[in-house]
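Data first, discussion second: the structure below is written as structure tokens.
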Amino acid sequence: MAGNSFGKLFRITTAGESHGPGNVVIVDGVPAGLPLSEDDLRPDLKRRRPGQSLLTTQRQEDDEPEILSGVFDGRTTGTSIAILVRNTDQRSGDYSDIREKYRPGHADFTFDARYGFRDYRGGGRSSARETTARVAAGAIAKKLIAHEFGGQVLGYVRQVGAIKAEIPSPENVTLSQVEHLADGSPNLVRCPDHAVVPRMIELIDAVRRDTDSIGGVSEIVAIGVPAGLGEPVFDKLKADLAKALFSLPAVLGVEYGIGFACAELRGSENNDLFTIATPKFPGQSPEIITTSNRHGGMLGGISSGMPIILRAAIKPTSSLAKEQPTVTRDGQPTTIRTKGRHDPCLLPRFVPMAEAMVAIVLADHWLRWKSARLRQ
């Protein structure tokens, strides 16, 4: 099977299945000397792990990372970093009934069409369980971009069903707002607009009790990204970010900046005007910025220095306990109810997955930019 690697200079390769022994990622391209330990990986893996609340799947996984190579005395060695996250709470028997059936909305049929064979236990390689490895790699990418240029990536839930958050300044959202409510309790949906959180929770709980699911939108913001990352043709930064997000399970749409809303504007309304930022310190060189950010931090496929703002539309979870019509592998009509433990809404756990993929792309393009400058 091809297509298990992503990136050029910062490159990840993943392996593993939903109900196999575990998931592995190999990360190449990390410079030597970067401080790194399992403690750096645990926070985002904890944000991604199942069983966080009734709003997520009840599968119980500790998602404890093991760094197998590439780190010595707490620092990266410049060689391949291998990370293993073991599976400990598989219930493969929950999937025996779908062995010969195709789940609506899933990759069962297309996987069979491609390979003529599939691991039906929880979706096998097509399962979102694979993203555990990506989140571990993304934690390294986050640390690298913070170390190299002060870059930060933060995602959150912008919309659940028809309930939309009001977030006037995405670049000012904090991790504390995303993870906790004003009283310090956990923010179960990871939406920084706390006024709509109760309605979002109520909606997700309602579809859960109805053995159904609901979709929504996640917004991801990268700040501190310098101007100049990306290439002008096929390796546009926006193209690689789109591929990164589309490679995640359940993503049906990606946009950046003003996105599809640009279709309603005139050019004079859509253009972001250039200006000079007031230097923060005496003697500091003037910085070229734009007065608005409808371009979402990328022009011509290259970063502009403004915040990079992306949104991903996430479909409702396909695995439902609600009975639905389908067909068997040999084309016979039947019905299906998917057993097992599934998220009634994917959005809360999608956030760290999206952050990881955006950080991986930024780390990769930073290393490409740095390499090109060294050759000049």
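On the stretch given as region 281-299, residues that are under 17 Å from GLU255 (Cβ atoms) and in a loop (DSSP other than H, G, I, E, B) total 6. If you go through region 171-190 and keep only what is without any contact (Cβ under 8 Å) to a residue 24 or more places away in the chain and outside any loop (DSSP other than H, G, I, E, B), you end up with ASN172, LEU175, SER176, GLN177, HIS180. Of all the residues in region 309-349, those that are aliphatic (A, V, I, L, M), assigned to a loop (DSSP other than H, G, I, E, B) and over 16 Å from the mean Cα position of the chain (by Cα) number 2. Annotation note: Cβ proximity below 7 Å between a residue of region 286-302 that is under 18 Å from VAL221 (Cα atoms) and touching a residue at least 40 places away in the same chain (Cβ under 8 Å) and a residue that is surrounded by fewer than 18 Cβ atoms within 10 Å (Cβ to Cβ) and among the aliphatic types (A, V, I, L, M) (sequence gap 6+ or interchain) occurs for GLY301/ALA239. Among the conditions (1) within 25 Å of VAL207 (Cα to Cα); (2) hydrophobic (A, V, I, L, M, F, W, C); (3) surrounded by 23 or more Cβ atoms within 10 Å (Cβ to Cβ), the only one that ILE163 does not satisfy is (3). The number of residues in region 191-206 being part of a helix (DSSP H, G or I) and surrounded by fewer than 18 Cβ atoms within 10 Å (Cβ to Cβ) comes to 5.
Of everything listed in (1) closer than 30 Å to ASP364 by Cα; (2) part of a loop (DSSP other than H, G, I, E, B); (3) out of contact with any helix residue (DSSP H, G or I) (no Cβ under 8 Å at 6 or more places or on another chain); (4) small (Gly, Ala, Ser), the single unmet condition for ALA261 is (2). Restricting attention to region 32-76, and to residues there that are farther than 15 Å from ALA137 by Cα and at pLDDT 95 or above, which single residue is surrounded by the most Cβ atoms within 10 Å (Cβ to Cβ)? This residue is ARG75. Please verify whether region 137-155 includes one or more residues that are modelled with pLDDT of 85 or more, surrounded by 21 or more Cβ atoms within 10 Å (Cβ to Cβ) and among the acidic types (Asp, Glu). Among the residues of region 137-155, not one is modelled with pLDDT of 85 or more, surrounded by 21 or more Cβ atoms within 10 Å (Cβ to Cβ) and among the acidic types (Asp, Glu), which makes the answer no.
Can you work out which of the residues in region 1-46 that are free of Cβ contacts under 8 Å to residues at least 40 places away in the same chain and in contact with a strand residue (DSSP E or B) (Cβ under 9 Å, 6 or more places away or on another chain) is nearest to VAL351 (Cα to Cα)? Going through the qualifying residues, I end up with ARG42.
Kindly check whether there is at least one residue in region 24-43 that is more than 16 Å from SER80 (Cα to Cα), assigned to a loop (DSSP other than H, G, I, E, B) and within 18 Å of the chain's Cα centre (by Cα). There is no residue in region 24-43 that is more than 16 Å from SER80 (Cα to Cα), assigned to a loop (DSSP other than H, G, I, E, B) and within 18 Å of the chain's Cα centre (by Cα). Close Cβ contacts (under 8 Å, 6 or more residues apart or on different chains) running from residues in region 103-115 that are more than 13 Å from ARG329 (Cα to Cα) to residues that are of a type in the set (Lys, Arg) comprise GLY105/LYS315. Could you tell me whether any residue of region 86-109 is over 17 Å from SER318 (Cβ atoms), surrounded by fewer than 18 Cβ atoms within 10 Å (Cβ to Cβ) and at pLDDT 85 or above? So far as region 86-109 goes, yes, one or more of its residues are over 17 Å from SER318 (Cβ atoms), surrounded by fewer than 18 Cβ atoms within 10 Å (Cβ to Cβ) and at pLDDT 85 or above.
Here the condition is being aliphatic (A, V, I, L, M), within 15 Å of ALA162 (Cα to Cα), touching a residue at least 60 places away in the same chain (Cβ under 8 Å) and surrounded by 19 or more Cβ atoms within 10 Å (Cβ to Cβ); of ILE220, ILE214, it holds for ILE214 alone.
Would you please name the residue that is surrounded by the fewest Cβ atoms within 10 Å (Cβ to Cβ), looking only at residues in region 239-258 that are part of a loop (DSSP other than H, G, I, E, B) and under 10 Å from the mean Cα position of the chain (by Cα)? Restricting to residues being part of a loop (DSSP other than H, G, I, E, B) and under 10 Å from the mean Cα position of the chain (by Cα), the top hit is SER247.
The values are calculated or read from the model by the stated rules, or taken from the named source; none is laboratory data. What you see is a predicted model; the values in this text were computed from it and never measured. So basically every Cβ, Gly included, is an ideal-geometry build from the backbone, and we count neighbours across all protein chains shown.
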